[in-house]
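The values are calculated or read from the model by the stated rules, or taken from the named source; none is laboratory data. Keep in mind that what you see is a predicted model, and the values were worked out from it rather than measured. Quick reminder, even Gly has a Cβ in these numbers, built from the backbone with ideal geometry, and neighbours come from all protein chains shown. The area values use the complete protein model at the heavy-atom level, side chains included, leaving out ligands, DNA and RNA. Shrake-Rupley method; radii C 1.70, N 1.55, O 1.52, S 1.80 Å.
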Amino acid sequence: MNLVQFSSVSKRYTLGETHVTALNDVDFDVRPGDFVAITGPSGSGKTTMLNLIGCLDSPSSGQVSINGETVDSLGESELDRLRSRSFGMIFQNFNLIPVLTALENVSLPLHLHGFKRQQMRERAQEALAAVGLDCYAAFKPDQLSGGQRQRVAVARALVTRPHLILADEPTASLDTANALALIGLMKQLNTERGVTFVFSTHDDRLLRQVSRIVELRDGYLSVVRETPDRIASKSVANEAQRSEVL
Ligand SMILES: Nc1ncnc2c1ncn2[C@@H]1O[C@H](COP(=O)(O)OP(=O)(O)O)[C@@H](O)[C@H]1O
Ligand SMILES: [Mg+2]
């Protein structure tokens, strides 16, 4: 089953007299274990698409399904559970809280889930270790480099053990070395822990490392590069279709 399925999804915004179509009739799917980049110029609809996948917004038309269930059929408590537990989010500007330590920033999402203090510490420490920052638990964001801060943001996204991590231009504020280290870390979490990633970027350094890329242009989606397993499964589906026609 697809983790995420978009069927003819459009998203329109109205600002006074002006109408903007941010997404136009988009079909898209994410399978468990995928590592997908959404690329395209600024204003092409990348953030809109990530917000729809993360159930932070709803489509103007068409359907978004998560684990086979359409989002508009889910109740508020189920949506809250998805947003806070099944999905992890990483933002371009890290969004860390400056007065909290790395460990406290990482444990924040756990406060919503009624964990005991000691459990929260252990889970947060484990997530920091997963991004190679276990020695920096007591550091505050301004004592860390840009690359380290972004890794804290990755640890915070990981701490609830989500199935899917959504990252909006995660390397945009990083130098090349840190950008490559971050994509290496994301790939490692993908292959070793099976975490599914969907991220937006127009960073060529990053796109060179990715085997599945879709591109948005003015809200229209096209496929740029496809992983071999998807090409294979599509050709099997095409064969099946052809034999049905024959
Ligand atoms: N909340 C909003 N209200 C009005 N227009 C919006 C809103 N969010 C995005 N847009 C418009 O939708 C289009 C796509 O935006 P966005 O998804 O942020 O693109 P990207 O992330 O690729 O830069 C842009 O034209 C943007 O101005
Ligand atoms: Mg954006």
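So the values come out like this:
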item: Unmet criterion (only one of (1) within 13 Å of ligand 1 (Cβ to nearest atom); (2) charged (D, E, K, R); (3) in contact (Cβ under 8 Å) with a residue 40 or more places away in the chain) for ASP27; result: (1)
item: Within the stretch 205-231, tally of residues that are among the β-branched types (Val, Ile, Thr) and farther than 21 Å from THR48 by Cβ; result: 2
item: Residue list for the stretch 103-150, filter: under 18 Å from ALA177 (Cβ atoms) and either open to solvent by 60 Å² or more (accessible area, probe 1.4 Å) or in contact with an Asp or Glu (Cβ under 6 Å, 6 or more places away or on another chain) (or both); result: TYR136, ARG149
item: Any chance PHE91 is hydrophobic (A, V, I, L, M, F, W, C) and open to solvent by less than 50 Å² (accessible area, probe 1.4 Å); result: no
item: Residue that is farther than 15 Å from PHE199 by Cα, more than 10 Å from ligand 1 (Cβ to nearest atom) and in a strand (DSSP E or B), where the choices are SER58, SER65; result: SER65
item: Restricting the stretch 67-88 to residues that are at pLDDT 90 or above and in contact with a Ser or Thr (Cβ under 8 Å, 6 or more places away or on another chain), the residue that is most open to solvent (accessible area, probe 1.4 Å); result: VAL71
item: Flag for ILE38 being under 29 Å from ASN2 (Cα atoms), of a type in the set (Val, Ile, Thr) and away from ligand 2 (no atom under 16 Å from the Cβ); result: no
item: Tally, over the stretch 52-66, of residues that are open to solvent by less than 50 Å² (accessible area, probe 1.4 Å) and either at pLDDT below 95 or not hydrophobic (A, V, I, L, M, F, W, C) (or both); result: 7
item: Every residue from the stretch 40-51 that is surrounded by fewer than 19 Cβ atoms within 10 Å (Cβ to Cβ) and charged (D, E, K, R); result: none
item: Filter result for GLU192 (more than 16 Å from the chain's Cα centre (by Cα) and either at pLDDT 90 or above or within 16 Å of ligand 1 (Cβ to nearest atom) (or both)); result: yes
item: Check on GLU17, within 16 Å of ligand 1 (Cβ to nearest atom), open to solvent by 80 Å² or more (accessible area, probe 1.4 Å) and either of a type outside the set (Gly, Ala, Ser) or over 28 Å from SER173 (Cα atoms) (or both); result: yes
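For (1) in contact with a helix residue (DSSP H, G or I) (Cβ under 6 Å, 6 or more places away or on another chain); (2) among the aromatic types (Phe, Trp, Tyr), each residue gets a yes or a no:
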residue: PHE6; (1), (2): no, yes
residue: SER10; (1), (2): no, no
residue: THR18; (1), (2): no, no
residue: LEU23; (1), (2): yes, no
residue: ASP27; (1), (2): no, no
